[in-house]
Amino acid sequence: MVKPGHRSRSLRRVFVKTPGGENKLTHRKRKPSKAVCSNCKIELKGVANERPRVMQNMPKSQKRPERPFGGVLCSKCMRQDIIKKSRASEL
């Protein structure tokens, strides 16, 4: 029987090959959901979805794209927003 703390379906089951050559079932925490655009709710490209501890040790360039509104808006919405702001400043 597995440990009581591992009986939950919130943990995912992963088979890991041990140095002895056998496959052993381990329990790992699931990854969080993907980041979404705050405007159109589409999944963001170039944004990592990892657990907070892993994200903390990642370089900033791998966490989100290096563009204006990177990690918040998708590239399509970002372009529309910049165009809209530039038109408003012309008036």
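The values are calculated or read from the model by the stated rules, or taken from the named source; none is laboratory data. Predicted, not measured: the structure shown is a model, and the values here were computed from it. Cβ sites come from the backbone with ideal geometry, for glycine too, and all protein chains shown count toward neighbours.
The table that follows gives values for the structure above.
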{"read-out": "All positions within segment 55-91 that are farther than 17 Å from Asn39 by Cβ and either in contact with a strand residue (DSSP E or B) (Cβ under 6 Å, 6 or more places away or on another chain) or among the acidic types (Asp, Glu) (or both)", "value": "Glu66, Glu90"}
{"read-out": "Gly21 being at positive phi and either touching a helix residue (DSSP H, G or I) at 6+ places or on another chain (Cβ under 7 Å) or assigned to a loop (DSSP other than H, G, I, E, B) (or both)", "value": "yes"}
{"read-out": "Number of the condition not met by Asn57 [criteria: (1) surrounded by 11 or more Cβ atoms within 10 Å (Cβ to Cβ); (2) modelled with pLDDT of 95 or more; (3) polar (S, T, N, Q)]", "value": "(1)"}
{"read-out": "Lone unmet requirement of (1) out of contact with any helix residue (DSSP H, G or I) (no Cβ under 8 Å at 6 or more places or on another chain); (2) surrounded by 13 or more Cβ atoms within 10 Å (Cβ to Cβ); (3) in a helix (DSSP H, G or I) for Glu50", "value": "(3)"}
{"read-out": "Residue within segment 6-24 that is surrounded by 10 or more Cβ atoms within 10 Å (Cβ to Cβ), touching a residue at least 24 places away in the same chain (Cβ under 8 Å) and not small (Gly, Ala, Ser) present", "value": "no"}
